[in-house]
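> Please find one structure pasted underneath; my questions will follow.
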Amino acid sequence: MITIKELDAFEVLDSRGNPTICVKATLSDGNSGNAIVPSGASTGKREALELRDKDESRFVGKGVLKACANVTEIIARELIGINAHRQTHIDSILQHIDNTDNYAKLGANATLGVSMAIARASAHSLNIPLFQYLGGINGVNLPAPMLNIINGGSHADNNVDFQEYMIMPLGFDCFKRALRASVEIYHTLKKILNENNLSTGVGDEGGFAPNLKNNEEPITYILKAIEKAGYKPGEEISIALDVASSEFYKDGIYYLKGENKKLDSKGLVEYYENLTAKYPIVSIEDGLSEDDWNGWAYLTEQLGNKIQLVGDDLFVTNTKILQKGINKKIANAILIKPNQIGTVTQTLEAIRLAHKNGYKTIISHRSGESEDTFIADLSVAVNAGEIKTGAPARGERNAKYNRLLELRHYNKLLTYEAQNLFKK
Ligand code: PGA
Ligand code: ZN
């Protein structure tokens with residue numbers, strides 16, 4: 001039996017220059033694995049706790065030394081000597097030690113770091129790639145990427161209310177070819193923005209954040225870029241939005257500052273109906289607020305059989321909340337962010353529950369990321385179908401694309417089935 005021999009943890013930096021936790025798990029056979037936990041900015045209210053030191057004298061309060069100490073002083077005591085390959089058992093011990101439903105004591109950054117590091121160390125000790133450790137022989141499909149190429153919302157200093165404008169290369173039968181098309185469109189977009197004297201500085205996830213007039217203009221620029229790069233909008237390249245509407249929702253009203261509009265849920269749903277009739281939009285994430293469940297039911301009724309409706313802040317990778325959504329017929333897809341829930345096992349449970357109920361799954365990065373590529377392997381392991389990991393720019397975003405390219409290179413039988421993703 002291969003057991004957990006040592007758990008170590010230390011502070012490293014994420015892509016925004018904030019400290020985050022890196023956990024190293026060493027096993028009895030000498031193999032080890034590291035994992036770095038990402039961090040969100042537009043977080044859902046019901047996410048598991050990200051433990052920060054709040055000691056203003058270090059890293060403006062964002063240090064994670066307490067989370068590190070929880071790994072080395074509390075978690076290690078319980079996990080050392082345990083069979084390293086029993087991931088479900090290990091993760092249930094983490095839940096048991098913490099004994100809250102959101103890792104309020106240990107911090108989900110501590111528990112997820114441990115959970116991912118042990119999975120990776122176990123893959124090393126079995127001498128198989130991480131995606132095979134997580135998915136066995138069942139993980140065969142490379143995900144369709146959603147690439148965030150224009151930013152608005154609270155992440156950008158412009159008049160755009162929606163947070164992310166993404167392209168999805170759905171009209172290809174090869175991951176490499178699909179990614180290449182997306183990269184070419186990204187560079188073409190940069191050129192077009194330049195020609196229009198618009199800023200091409202990039203946001204946290206690598207997308208451009210030009211000062212545009214309203215919420216539609218980003219779409220028209222993206223369509224121009226798709227065509228100029230030689231691709232067909234709608235046929236080869238589709239558009240996906242992450243509205244992140246919880247950010248501009250207050251007391252039943254959605255405030256679209258960019259367009260000087262105040263809309264109720266119905267009004268915003270109508271707005272989406274117009275947009276989707278006009279443009280090749282295949283997916284809208286967090287179209288309504290995490291607190292507007294009645295609105296969500298209406299949104300799903302109106303658009304649920306036409307496009308993908310994704311719950312991110314809405315479901316926070318939580319099976320209890322997702323089950324409620326399933327019961328109420330809300331949304332038809334879930335964004336999966338492991339650090340919203342706190343362990344690998346609970347992440348897999350959310351994915352299984354979604355698939356069992358016909359909900360699509362999108363494995364996702366956070367706006368604060370690192371070179372850790374765990375989510376790339378996870379997306380293949382569970383045949384997630386989709387991955388959201390930013391623009392094809394910035395090292396921490398491309399690390400995930402590069403990992404998928406590596407998996408594709410060494411596993412020629414992995415498929416890319418984006419063309420079937422939204423087939424009716
Ligand atoms: P994040 O947001 O800043 O919480 O990672 C990304 C998203 O809303 O999908
Ligand atoms: Zn989101």
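The values are calculated or read from the model by the stated rules, or taken from the named source; none is laboratory data. None of the values given here were measured: they were computed from a predicted structure. Neighbour counts run over all protein chains shown; Cβ positions are idealised from the backbone, glycine included. Heavy atoms of the whole protein, side chains included, go into the accessibility calculation; ligands, DNA and RNA do not. Shrake-Rupley method; radii C 1.70, N 1.55, O 1.52, S 1.80 Å.
> Over all directions, average the projected area of the Cα convex hull of the chain and note it in nm². Walk me through the intermediate numbers first.
Values: hull surface 77.6 nm².
One quarter of the hull surface, i.e. the mean projection, equals 19.4 nm².
> Let me ask something else. Return the carbon/sulfur percentage of the accessible area of the range 136-420, one whole number, probe 1.4 Å, all protein chains in place. Could you put the intermediate results ahead of the total?
Details: 4860 of 10570 Å².
Taking all protein chains in place, the range 136-420 shows 46 percent carbon and sulfur surface.
> Output wanted: per-residue J couplings in Hz (rounded whole) for the range 404-410, from phi through Karplus 6.51 cos²θ - 1.76 cosθ + 1.60, θ = phi - 60°, x for Gly and Pro.
5, 5, 5, 4, 4, 5, 9
> Can I ask one more? Give me, ordered by chain and number, the residues 5 or more places off Leu13 or on other chains with an amide H under 5 Å from its own placed amide H.
Those lying under 5 Å, H to H, from Leu13 are Thr20.
> How far apart, in nanometres, would the label points at Leu13 and Asp251 be if each is projected 7 angstrom from Cα along the Cα-to-Cβ direction?
4.3 nm
> List every residue whose amide H lies under 5 Å from the amide H of Ile149, counting only residues 5 or more places away in sequence or on a different chain, with H placed 1.01 Å from N in the peptide plane.
Tyr165, Met166, Ile167
> Per the Cauchy relation, a quarter of the hull surface: what is the mean projected area of the convex hull of the alpha carbons in the range 288-424, in nm²?
Across all orientations, the range 288-424 yields a mean hull projection of 8.8 nm².
> Quick check: pseudo-label points 7 Å beyond the Cα along Cα→Cβ at Ile137 and Thr88, how many nm apart are they?
For the pair Ile137/Thr88, the computed spacing is 2.0 nm.
> Here is a further query. Going by amide H atoms built from the backbone, whose H comes under 5 Å of the H on Asn159, apart from near neighbours?
Counting only residues 5 or more places away or on other chains, the set is Leu212.
> Additional query: Looking at this model, which pairs from Lys324/Lys360; Lys257/Lys388; Lys5/Lys66 are more than 18 angstrom apart at the alpha-carbon?
Violating the 18 Å Cα-Cα cut-off are Lys257/Lys388; Lys5/Lys66.
> ³J(HN,Hα) across the range 173-185 via Karplus (A = 6.51, B = -1.76, C = 1.60, θ = phi - 60°), whole Hz, x for Gly/Pro?
Working through the residues one at a time gives 10, 9, 4, 4, 5, 5, 5, 4, 4, 5, 5, 5, 5 Hz.
> Still on this structure: Over the chain, what is the relative contact order in percent, taking alpha-carbon pairs closer than 8 angstrom and at least six residues apart?
Relative contact order for the chain comes out at 20 percent.
> Still on this structure, I have one more. Between Lys266 and Asp29, what is 0.36 nm times their sequence separation minus the Cα-Cα distance? Round to one decimal in nm. The partial results should precede the final answer.
Details: separation 237, 0.36 × 237 = 85.32 nm, distance 5.90 nm.
Result: 79.4 nm gained on full extension.
> Moving on. Taking the range 320-409, which chymotrypsin sites (Phe, Trp or Tyr not before Pro) meet the DSSP loop condition and have no more than 12 other C-beta atoms within 10 Å?
Values: sites: Tyr359, Phe374, Tyr401; in loops: Tyr359.
Loop-located and lightly packed - none at all.
> Ok, one more. Give the residues of the range 22-50 whose amide nitrogen is closer than 13 Å to a point set 7 Å from the Cα of Thr3 in the direction of its Cβ.
Label zone hits: 27-29.
> OK, next. Among Ala35, Leu13, Val183, whose Cα projects farthest towards the positive end of the dipole of the chain, with charges put on the beta-carbon of Lys, Arg (+1) and Asp, Glu (-1)?
Of Ala35, Leu13, Val183, it is Val183.
> When the Karplus curve 6.51 cos²θ - 1.76 cosθ + 1.60 is applied with θ = phi - 60°, which whole-Hz ³J(HN,Hα) does each residue of the range 79-90 get, with x for Gly and Pro?
Taking θ as phi minus 60°, the curve returns 9, 5, x, 7, 4, 5, 8, 9, 4, 4, 5, 4 Hz for the range 79-90.
> Now for a different question. Identify the residues of the range 4-26 with backbone N under 15 Å of a label point that sits 7 angstrom from the Cα of Ser57 along the Cα-to-Cβ direction, or state none.
Hits in the range 4-26 for Ser57 at 15 Å: none.
> Still on this structure: Among Asn31, Asn194, Asn151, determine the one that fluctuates most according to a GNM of the chain built with springs between C-alpha atoms less than 10 Å apart.
Comparing Asn31, Asn194, Asn151 in a Gaussian network model of the chain, the most mobile one is Asn194.
> Before I look further, what does the chain give for accessible area per residue, probe 1.4 Å, in whole square angstrom?
Numbers: 16850 Å² over 424 residues.
Dividing the accessible area of the chain by its residue count gives 40 Å².
> Kindly provide the helix-only [θ] at 222 nm of the chain, computed as the sum of -39,500 (n - 2.57) over DSSP H runs of four or more divided by all residues, to the nearest 500 deg cm²/dmol?
Taking each H run of at least 4 residues, the total per residue is -11000 deg cm²/dmol.
> Taking the Cα centre of the chain as origin, sum charge times position over the Cβ atoms of Lys and Arg (+1) and Asp and Glu (-1), and report the length of that vector in debye to the nearest 20.
780 debye
> State the three equivalent ellipsoid semi-axes of the range 4-127, derived from the C-alpha gyration tensor as the square roots of 5 times its eigenvalues, in descending order and whole Å.
The answer is 24, 16, 13 Å, longest axis first.
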